[in-house]
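Everything on this sheet refers to the single structure shown next.
What follows draws every value from the coordinates through simple rules; no lab data is involved. Quick caveat, the model's predicted, so the values are computed rather than measured. All Cβ positions, glycine included, derive from the backbone under ideal geometry; neighbour counts span all protein chains shown.
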Amino acid sequence: MAALTTDAAKETKQLRQVLLDNGQYKLRSEAAMDAIRQFALKYSVKGSSIERVRKAIGEATKKSGKTLSQTIVEMRAET
């Protein structure tokens, strides 16, 4: 898993610490990930990047009739 670095206001850090102290979260990263999920739900952000990539690959495969692996092999052969 990749690291995510954030800069938060003092009040935000204090609120996060209260949530940790109350046992709602065990780790700071859990609180951060939950905040991101809640943001996505609030603003109806649908799908992760990987899901969008998979969808694009699927559409390209249908259009070209070739799998991603086949396309990569062909591209390597051309270079």
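Odds and ends about this structure:
- Straightening the chain between residue 60 and residue 21 buys 9.2 nm, computed as 0.36 nm per residue apart minus the Cα-Cα spacing.
- Cα-based reach from residue 66 at 24 Å (exclusive), listing lysines while leaving out same-chain residues under 8 positions away: 55
- Look at 25, 43 and count the other Cβ atoms within 10 Å of each Cβ; fewest to most, that gives 43, 25.
- Per-residue Cβ neighbour counts within 10 Å put 7, 21, 34 in the sequence 7, 21, 34, beginning with the fewest.
- Model label sites at residue 74 and residue 34, defined 7 Å from Cα along the beta-carbon direction, differ in position by 4.9 nm.
- Whole-Hz couplings from phi, Karplus 6.51/-1.76/1.60, listed for region 59-67; x for Gly and Pro: 5, 5, 4, 4, 5, 8, x, 10, 6
- Residue exposure sequence - 16, 54 - by fewest surrounding Cβ within 10 Å: 54, 16
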